[in-house]
Each structure stands twice: as C-alpha cells, then as structure tokens.
C-alpha cells in the first residue's frame, strides 16, 4: 500500500487542530478551513470540515452562535467549550509522550535502559 | 447575490443532497455566508479556491463514518412509516384528507430531500390529471355503461373508467418511491443484516397488493413466491401474507360473483356487502402488516 502516511497522521489529529485553533478566539467555517489547510493540510477540503465540526458539536467540545456580519447573512461562529478545553489539554498531555515515543523508536534508542 | 455565487450554490446544493441533513445544511450555509456580499470578481476568485462542489461533497462523505449516517439523517422510524402509509393508503381510509395529512407529514420530515418531497407529492395529482384529461378528450364516459354491479361499491363503477384505479396505483407508487428513497437516505438498505435489499422488500409488498390487478393472478402469485424467498419476514408473517386474498383476485371474484348472483339490478343483502368490503380491505391490512413486520426485523 502506498497510502500517504502524512495525510493519515494529519487526519488523525484534525479534530484537535480545530480545538487548538479555537483556543484563542471563536472562528467561522471559512476561517477554520483556511487555517487548517494552510497550516499543515489538516483537512483536504472545506467539505471535510463540516462533518468534523458536527462531531465536535456532538461531543459538546464546541458550540455555535450566529453573529451579523458587515455584508451578507449572519456568520456562524464556533466556540470552544470547557469540555473542549479539557479534551485539548488531555490531547496535549498525551501528544508529548506519544511523539517522544515515536522519536525514540525512529532513532533506534530505547527509553528504559 | 451575484450570478456566479447563485450558480455555484445551486450546484453545491445538488452535490450535497445525499449527505445527512445537519452536515449538508452546514456546508451550504457555511459557504453561502462566505460568498454573499462579494462582488462578481471576488466571488469568482473565492469559488476557485473552494473548488468543485462535487469534490466538496465527496470530501464530506469520506469524513462521515457510515455507521453514524442513519442517526443523523432522518426522522424517527415510526414517523417515516406513518408518512408512507398515509400517502399510500391514507386517502382510501379517510378519503382525500388521509392523503393530504400524509403530504403534510412528508414536507415536515427530514428523511427525504426536497426533490423526493416534490416527486412524492406530484405523482398522484399529475397521473390523475393526465388520465382525466385523456378520458375527457376521448369523450369516454366516466361511469361504465352496461350492467351495473351493485355488489361492488359505486366508486368501482367509476373505477371502470380507470381513474380510480389510476389513483390507487399512483398512491401506492408514490409510497413505494418514498420508501425506497427513505431507505437510501438512512442507509438502512446497505447493511442488509437480516433482510433483503430495500427494492426487493418493496417489490414483494407491491406485487402482493396490486400485482393481481396488473397481471391477473400471476402478479399476485409472483409476489407470494418472492415473499417466501425473502429473508425480511419470519415464516409466520409469510403464512399470513399468503393467506390474505390478493386484491386482483378478490376484485375479479366480486365482479364475477356480482353478476352470477344476479345483483345487477337490485341491492345485495348486507352480509354480502360486508364480505365484499372485507375482501377489498384485507389486502391493505396485509400490506400494512408486512410493512410493519419488515421494519421490526430490521431494528
């Protein structure tokens, strides 16, 4: 199989990439989509984003609210919830350990001895 | 809203039609809020970045796990079943009103796309109008000439013209259409754990109900054969489905009996009328029974 390992990795962390982006401020769909694509190809297309956001909403990690914009209809913003913040912290804690393990494996050293 | 935007959103709406509702709506709303307010050139630029609507829909579909699709998609199962039944046979239980209520249910549902709702609504009135038009143009009488058969309720005299038969067939056709589309949307047809494919189940139901009218006896027998060959129902259900008299057979029996019994000129006894009505109502009862039982197995 010649599956793109990078694409699979990015897909695996896309949910947490969204949580990380929302940590600072609420964002709307297009903003999130552009950030996720530009900052490392976490999603392939804006089409990938909305099922992902629906999952995050189902888990109560994000909520939405509508806000009027200067032109056109109201924009739907996504905001991190406390649960989402906790999930992100949890991921962060696991990530450093995980990435250290992977590094160690790749470099051929062992952690124990 | 500018022209490229309108065209793009229309294409996008078509592309996401098969996706479950919250996601499909989110995609269209998210992209609409991004494009509106832009002038034509800016919109064109943004559309180029967004890319092909079909690719967006495909990306969303890849991201949706197949298992969660049905839950997100439609209404509760009982709502879908009630809607299909009201449209299919509601108009015969409570004339016209039953069907109209069914259409109300249909438009209020999340199980079907807008296109399915339009098709489901139009099948009956359009076919009835066409047949009515043909009959009017050809100048054929709506009430059959010749011997009146008092055993058969007077609407069936009307039915000789084909109009009532058309409405019956069209109602059942729209119910079957909606049933198949509902299954497709909710993804129930694909797993086929206990039962058969959705089209097979639908075919069995239709053949048992009206197969005997379309091809006398043979249509109904084909339905029974398919019923026994199916994995959707239990043996008990199959026996009940077989024992209930076929619609076509029952009707031709009545027409024949009405003539032989000499009920052409005078009113038949009440007992005979009751038997006649029961014979005609039973297939509908069987239809509902099998439909409900098929669904229970699938849970």
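Measuring r between the beta carbons of residue B:118 and residue B:231 and using R0 = 30 Å, the FRET efficiency lands at 0.35.
Distance between the 7 Å Cα→Cβ label points at residue A:64 and residue A:83: 1.7 nm.
Can you classify the range A:5-95 as rounded, prolate or oblate using the Cα gyration tensor, where a ≥ b ≥ c are the square roots of its eigenvalues, rounded means a/c under 1.5, and otherwise it's prolate if a/b beats b/c and oblate if not? Oblate is the answer for the range A:5-95, as a/c is 1.5 or above yet b/c matches or exceeds a/b.
As a length-normalised measure over Cα pairs under 8 Å and 6 or more apart, the relative contact order of chain A settles at 25 percent. Each residue, residue B:110 and residue B:76, gets one label point 7 Å from its Cα in the Cβ direction; the gap between the two is 1.4 nm. The calculated FRET efficiency for the pair residue A:90 and residue B:134, based on their C-beta separation and a Förster distance of 51 Å, comes to about 0.15. Each residue, residue A:23 and residue B:49, gets one label point 7 Å from its Cα in the Cβ direction; the gap between the two is 2.5 nm.
Every number in this text was worked out from the coordinates using simple rules, so none of it is lab data. Remember, it's a predicted structure, so these values are computed and weren't measured experimentally. Please note: Cβ atoms are built from the backbone with ideal geometry, for glycine as well, and neighbour counts cover all protein chains shown.
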